[in-house]
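*Asks:* I am attaching a structure below and will ask some questions about it afterwards.
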Number of protein chains: 2
Amino acid sequence: MREKPIGIFDSGIGGLTVVKEILKVLPNESLIYLGDTARVPYGPRGKEVITKFALELTRFLLAKDIKFLVVACNTISAICLEEVKEVSPVPVLGVIDGAVKKAVSESRSKRIGVIGTRATVNSRVYEKAIKELGPAAEVFSKACPLFVPLAEEGLISHEATRIIAKEYLSEIIENGVDTLILGCTHYPILKEIIKETVGKGVSIVDSASPTSEELKRMLKDRDLLNTKGQSSYQFFVTDAPDRVQEVATEFLGSDLPGELIKITL
Amino acid sequence: MREKPIGIFDSGIGGLTVVKEILKVLPNESLIYLGDTARVPYGPRGKEVITKFALELTRFLLAKDIKFLVVACNTISAICLEEVKEVSPVPVLGVIDGAVKKAVSESRSKRIGVIGTRATVNSRVYEKAIKELGPAAEVFSKACPLFVPLAEEGLISHEATRIIAKEYLSEIIENGVDTLILGCTHYPILKEIIKETVGKGVSIVDSASPTSEELKRMLKDRDLLNTKGQSSYQFFVTDAPDRVQEVATEFLGSDLPGELIKITL
């Protein structure tokens, strides 16, 4: 059981920013990643469509005999984590709770900003999760729909991205938050520009690191840690033009440690 | 037969810029539109995936007993128009030939620029079509992947769009074209900024108007024009969050003249 792989999925390849942290924290674990590159992005879509797509991804990974499932996509975690849990016989971890815990424990002013896709922000899932942990907290959210295409196109330190970031983040800055949650797995790619825009006084929390720590804790609690250490990696995508390989490397911060395999769902 | 509707499809709602012109030129025709808003955009995807999706859209419209099929998407027209024609018992018209004819006949220098999605530009379909009509023509192409999200987000006269347009179009401008084809049904939305960027000396050709004229000619040639004039309109989409209705209106330049109906393919 312990040697079984962990399944990780995302609407595309943004989830690789989470994989990057898992590789650091859990080098002994085998991973099977699935990115729905044929239908990315999910952020602008409705609940019904997002849920349908997410359950298709879930079923693909469950058929791979995984021991644990990580939903490495904030939109899916926000919209239909319960639906994924319902069909999964193995434990499921989303990317929202880890970042929320970290933000609430680190924020001193309890004024917390959240940015994400339109679907994530409209769901108000972050607000609910933050207020559960810190009822006195004030949450200021903003959808930043252009951040995903800007990140995917590599406009990481581009003047256009700076202008758009300034516009998206102005209200959050005016509200005097001391902590900003990056509620989308694409956003760590734009961390420098976001940091620069909100200023030094605001600490940035992304999902990748807290999620990998939470995953480690959950595996340990369930006695599911792989102690053998013969890890293997597979990366499945639903579409694989040359560009996916290129961008994937950028998101992971290194070459993919396994093959990129195209499948049809 | 003549009273049957015309089927029109696009990867999303960009094709409504073509519908807008068809409504002007052929007010007597009934139209059934299908936009794959659950899987838009197609531009960054590979040939296999684009073809699979396009054939699903084709089959849906063919089942509606249409008399004619318009592929109101440059990416699909560039990647798999032949495959669509193969499965269609009714005549099929793409959005490439009309714009190419107009550009070649109007260009005096025969130096023609083409902008489109990554899939469209990589296909080199415009280059081939232009050189067939004007073998001496020189073609300068550039993929402008951020124009679609910028148009959909309504950044129509925004500084960030201006900066990105300048960057995308600089090479085409340096090459001294006198005509620029907007090879994507989203781009007419950004026409003003594109015009401003390339300067007055360059005439802009989009697909919408030449395609509607070509459609009228083809219907007439085949004795398929609806002379009764009791037109009706239906707009099917595969996902319909509130935002689709909003953006649709913007692309059409007026309220939708028919209901927006959500379907699952």
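*Asks:* Hey, among A:Leu182, A:Leu150, which residue is buried (at least 19 other Cβ atoms within 10 Å of the Cβ) and more than 14 Å from chain B (Cβ to nearest Cβ)?
*Replies:* Details: A:Leu150 fails: more than 14 Å from chain B (Cβ to nearest Cβ).
Exactly one residue qualifies, and that residue is A:Leu182.
*Asks:* Can you tell me which condition A:Ser203 does not meet? The list is (1) of a type outside the set (A, V, I, L, M, F, W, C); (2) in contact (Cβ under 8 Å) with a residue 40 or more places away in the chain; (3) within 14 Å of chain B (Cβ to nearest Cβ), and all the others hold.
*Replies:* (3)
*Asks:* Quick check on the stretch A:204-226. Is at least one of its residues crowded, with 21+ Cβ neighbours inside 10 Å, assigned to a loop (DSSP other than H, G, I, E, B) and touching a Ser or Thr at 6+ places or on another chain (Cβ under 9 Å)?
*Replies:* Yes, there is a match, as at least one residue in the stretch A:204-226 is crowded, with 21+ Cβ neighbours inside 10 Å, assigned to a loop (DSSP other than H, G, I, E, B) and touching a Ser or Thr at 6+ places or on another chain (Cβ under 9 Å).
*Asks:* Would you point out which residue out of B:Thr227, B:Thr238 is within 14 Å of chain A (Cβ to nearest Cβ) and of a type in the set (Ser, Thr, Tyr)?
*Replies:* The unique qualifying residue is B:Thr238.
*Asks:* For the stretch A:95-106, state whether one or more residues are within 18 Å of A:Pro210 (Cβ to Cβ), without any contact (Cβ under 8 Å) to a residue 40 or more places away in the chain and assigned by TED's automatic domain parsing to the domain that holds A:Phe68.
*Replies:* No; the residues of the stretch A:95-106 include none that is within 18 Å of A:Pro210 (Cβ to Cβ), without any contact (Cβ under 8 Å) to a residue 40 or more places away in the chain and assigned by TED's automatic domain parsing to the domain that holds A:Phe68.
*Asks:* Could you list all residues from the stretch A:119-141 that are out of contact with any Ser or Thr (no Cβ under 9 Å at 6 or more places or on another chain) and charged (D, E, K, R)?
*Replies:* A:Lys128, A:Lys131, A:Glu132
*Asks:* Checking A:Ala160 against (1) surrounded by fewer than 23 Cβ atoms within 10 Å (Cβ to Cβ); (2) touching a helix residue (DSSP H, G or I) at 6+ places or on another chain (Cβ under 8 Å); (3) without any contact (Cβ under 8 Å) to a residue 24 or more places away in the chain, which single condition isn't satisfied?
*Replies:* Tallying (1) surrounded by fewer than 23 Cβ atoms within 10 Å (Cβ to Cβ); (2) touching a helix residue (DSSP H, G or I) at 6+ places or on another chain (Cβ under 8 Å); (3) without any contact (Cβ under 8 Å) to a residue 24 or more places away in the chain, A:Ala160 fails exactly one: (1).
*Asks:* In the stretch B:19-54, which residues are in contact with a Cys (Cβ under 8 Å, 6 or more places away or on another chain) and of a type outside the set (Ser, Thr, Tyr)?
*Replies:* Result: B:Gly43, B:Lys47, B:Ile50, B:Ala54.
*Asks:* So is B:Ile130 in contact with a Leu (Cβ under 9 Å, 6 or more places away or on another chain), closer than 21 Å to B:Ser212 by Cα and either in the same structural domain as B:Lys52 (by TED's automatic domain parsing) or not acidic (Asp, Glu) (or both) or not?
*Replies:* Against the criterion (in contact with a Leu (Cβ under 9 Å, 6 or more places away or on another chain), closer than 21 Å to B:Ser212 by Cα and either in the same structural domain as B:Lys52 (by TED's automatic domain parsing) or not acidic (Asp, Glu) (or both)), B:Ile130 does not qualify.
*Asks:* B:Gly199 - would you say it is in the same structural domain as B:Tyr33 (by TED's automatic domain parsing) and of a type in the set (Gly, Ala, Ser)? I'd like the intermediate steps shown before the answer.
*Replies:* Numbers: in the same structural domain as B:Tyr33 (by TED's automatic domain parsing): no; of a type in the set (Gly, Ala, Ser): yes.
In short, no.
*Asks:* Same structure, new question: Here is a list of conditions, (1) at pLDDT below 90; (2) closer than 30 Å to A:Lys47 by Cβ; (3) outside any helix (DSSP H, G or I), and B:Gln230 meets all of them except one; can you say which number that is?
*Replies:* So B:Gln230 meets the others, but not (2).
*Asks:* Name the residue, out of A:Ser141, A:Ser105, A:Ser77, that is away from chain B (no Cβ under 14 Å), farther than 21 Å from A:Tyr187 by Cα and polar (S, T, N, Q).
*Replies:* Only one candidate passes the filter, namely A:Ser105.
*Asks:* Just to be sure before I move on: is A:Ala129 of a type in the set (A, V, I, L, M, F, W, C), in contact with a helix residue (DSSP H, G or I) (Cβ under 7 Å, 6 or more places away or on another chain) and within 14 Å of chain B (Cβ to nearest Cβ) in the structure I sent? Break it down into steps so the answer makes sense when it comes.
*Replies:* Numbers: of a type in the set (A, V, I, L, M, F, W, C): yes; in contact with a helix residue (DSSP H, G or I) (Cβ under 7 Å, 6 or more places away or on another chain): yes; within 14 Å of chain B (Cβ to nearest Cβ): no.
Answer is no for this residue.
*Asks:* Counting just the residues of the stretch A:17-44 that are among the hydrophobic types (A, V, I, L, M, F, W, C) and within 14 Å of another protein chain (Cβ to nearest Cβ), which one comes out surrounded by the fewest Cβ atoms within 10 Å (Cβ to Cβ)?
*Replies:* Step by step, filter the stretch A:17-44, then rank; the result is A:Ala38.
*Asks:* Suppose the filter is on the phi > 0 side of the Ramachandran plot, touching a Ser or Thr at 6+ places or on another chain (Cβ under 9 Å) and not charged (D, E, K, R); does A:Gly253 pass it? It would help to see each step written out before you state the result.
*Replies:* Details: on the phi > 0 side of the Ramachandran plot: yes; touching a Ser or Thr at 6+ places or on another chain (Cβ under 9 Å): yes; not charged (D, E, K, R): yes.
Here the answer is yes, as A:Gly253 does meet what is asked.
*Asks:* Whether any residue in the stretch A:148-168 is in contact with a strand residue (DSSP E or B) (Cβ under 8 Å, 6 or more places away or on another chain) and not in a helix (DSSP H, G or I) is what I want to check.
*Replies:* Scanning the stretch A:148-168 turns up no residue that is in contact with a strand residue (DSSP E or B) (Cβ under 8 Å, 6 or more places away or on another chain) and not in a helix (DSSP H, G or I).
*Asks:* A follow-up question, please. Answer yes if at least one residue in the stretch B:210-224 is without any contact (Cβ under 8 Å) to a residue 12 or more places away in the chain and assigned by TED's automatic domain parsing to the domain that holds B:Val100, and no otherwise.
*Replies:* no
*Asks:* Still on this structure, please answer the following. Only one of A:Lys166, A:Lys262 is among the basic types (Lys, Arg) and touching a Ser or Thr at 6+ places or on another chain (Cβ under 7 Å); which?
*Replies:* Of the residues listed, the single one that is among the basic types (Lys, Arg) and touching a Ser or Thr at 6+ places or on another chain (Cβ under 7 Å) is A:Lys166.
*Asks:* Suppose we keep only residues that are assigned to a loop (DSSP other than H, G, I, E, B) and aliphatic (A, V, I, L, M) within the stretch A:233-265. Which one would you say is farthest from A:Phe53 (Cα to Cα)?
*Replies:* By that ranking, first place goes to A:Leu256.
*Asks:* Quick one: in the stretch A:112-137, of everything that is assigned to a loop (DSSP other than H, G, I, E, B) and free of Cβ contacts under 8 Å to residues at least 60 places away in the same chain, which residue is surrounded by the fewest Cβ atoms within 10 Å (Cβ to Cβ)?
*Replies:* A:Ala136
*Asks:* Identify the residue in the stretch A:133-153 that is among the small types (Gly, Ala, Ser) and under 18 Å from the mean Cα position of the chain (by Cα) and, among all such residues, is farthest from A:Thr249 (Cα to Cα). Walk me through how you get there before you give the answer.
*Replies:* Restricting attention to the stretch A:133-153, the residues satisfying the condition of being among the small types (Gly, Ala, Ser) are A:134, A:136-137, A:141, A:143, A:151.
After this cut, where a residue has to be under 18 Å from the mean Cα position of the chain (by Cα) as well, the list is A:141, A:143, A:151.
Values: A:Ser141: 30, A:Ala143: 26, A:Ala151: 13 Å.
Ranking the candidates gives A:Ser141 first.
*Asks:* Taking the criterion of being more than 14 Å from chain A (Cβ to nearest Cβ) and either β-branched (Val, Ile, Thr) or more than 17 Å from the chain's Cα centre (by Cα) (or both), would at least one residue in the stretch B:156-168 satisfy it?
*Replies:* No: zero hits.
*Asks:* Does B:Gln234 satisfy the criteria of being closer than 19 Å to B:Lys20 by Cβ and free of Cβ contacts under 8 Å to residues at least 60 places away in the same chain?
*Replies:* no
*Asks:* Can you tell me which residue within the stretch B:90-100, out of those that are farther than 12 Å from B:Ala137 by Cβ and part of a helix (DSSP H, G or I), is farthest from the other protein chains (Cβ to nearest Cβ)?
*Replies:* B:Gly98
The values are calculated or read from the model by the stated rules, or taken from the named source; none is laboratory data. This structure is a prediction, so every number in the text was calculated from the model and none was measured. Cβ: placed from backbone, ideal geometry, glycine included. Neighbour counts: every protein chain shown.
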